[in-house]
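Shown next, in structure tokens, is the structure this report addresses.
The values are calculated or read from the model by the stated rules, or taken from the named source; none is laboratory data. Here the structure is a predicted model, which is why all the values come from computation and not from measurement. When we count neighbours, we look across all protein chains shown, and the Cβ atoms used for this are built from the backbone with ideal geometry, even at glycine.
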Ligand code: PGA
């Protein structure tokens with residue numbers, strides 16, 4: 001039984017007052033949502049403030065990135081221990097925007113995931129194919145390579161703790177969601193690859209879907225057997241919208 005995990009990826013959005021207002025509005029809306037795990041990933045400068053607002057609640061704090069080194073001359077970067085101090089539980093690594101815009105490789109993502117696990121934090125490892133990959137029939141090759149490369153340093157005994165987010169690049173921020181059938185088919189491939197790599201632990205790893213998730217499509221996505229949650233960008237910036245996503249049960253079958 002995998003507990004659903006719904007995560008808000010705020011990307012480079014919201015000011016401090018906006019973030020405070022979000023949390024004040026959002027928390028009462030999800031007070032009864034104990035079946036699902038809820039995660040919010042604000043930009044780095046808001047981690048302290050949002051972390052304080054979430055303290056003592058069931059909502060977990062996440063960062064959107066990290067550097068794998070313990071410390072050192074890495075101007076502009078943030079180490080794992082700093083995120084631990086701020087109260088983070090999860091960290092998104094390998095998001096397609098970081099892979100595409102900042103040139104992050106699978107090996108770099110793998111070193112981040114390993115550094116996080118060694119400090120007690122949990123990586124949300126993102127994978128996903130581009131439209132060109134999908135149209136040329138290379139989706140499973142690309143995803144297989146990303147999974148193998150990005151999870152190369154995850155020790156088998158810790159595998160069940162990580163989260164994998166499947167986010168087709170062509171669905172991110174485009175309003176174009178994968179159909180439930182395409183999403184499930186691809187999640188099933190990811191699940192099989194995780195089983196090959198980690199054995200039975202592969203069945204316990206939660207796989208989120210990401211890419212234009214909204215209140216209208218979360219129910220049907222979550223009803224797929226291998227979709228265990230969602231990583232939500234645009235629709236996570238409004239408290240009412242993200243709260244509806246967290247309450248996906250009541251929307252099952254709607255699209
Ligand atoms: P989106 O972003 O929900 O705005 O498509 C998802 C993501 O990039 O994680």
Requested in this report: Please enumerate the residues belonging to region 96-114 that are in contact with a strand residue (DSSP E or B) (Cβ under 8 Å, 6 or more places away or on another chain) and closer than 21 Å to residue 155 by Cα.
Outcome: 109, 112, 113
Report summary line: For region 182-201, pairs from a residue that is free of Cβ contacts under 8 Å to residues at least 12 places away in the same chain to a residue that is surrounded by 15 or more Cβ atoms within 10 Å (Cβ to Cβ) and assigned to a helix (DSSP H, G or I), with Cβ under 7 Å and 6 or more apart or across chains, are 195/202
Requested in this report: Give the residue that is nearest to the ligand (Cβ to nearest atom), with candidates limited to residues of region 79-99 that are over 16 Å from residue 47 (Cα atoms) and assigned to a loop (DSSP other than H, G, I, E, B).
Outcome: 95
**Report entry** Criterion: surrounded by fewer than 18 Cβ atoms within 10 Å (Cβ to Cβ), in contact (Cβ under 8 Å) with a residue 40 or more places away in the chain, under 26 Å from residue 12 (Cβ atoms) and more than 16 Å from the ligand (Cβ to nearest atom) - qualifying residue of 152, 107
**Finding:** 107
**Report entry** Verdict on residue 125 being in contact with a helix residue (DSSP H, G or I) (Cβ under 8 Å, 6 or more places away or on another chain), modelled with pLDDT of 95 or more and assigned to a strand (DSSP E or B)
**Finding:** yes
Report summary line: A careful count of residues in region 24-52 that are part of a helix (DSSP H, G or I), buried (at least 21 other Cβ atoms within 10 Å of the Cβ) and touching a residue at least 40 places away in the same chain (Cβ under 8 Å) gives 2
Report task. Check residue 31 against each of (1) closer than 24 Å to residue 208 by Cα; (2) at pLDDT 95 or above and name the one condition it does not meet. Result -> (2)
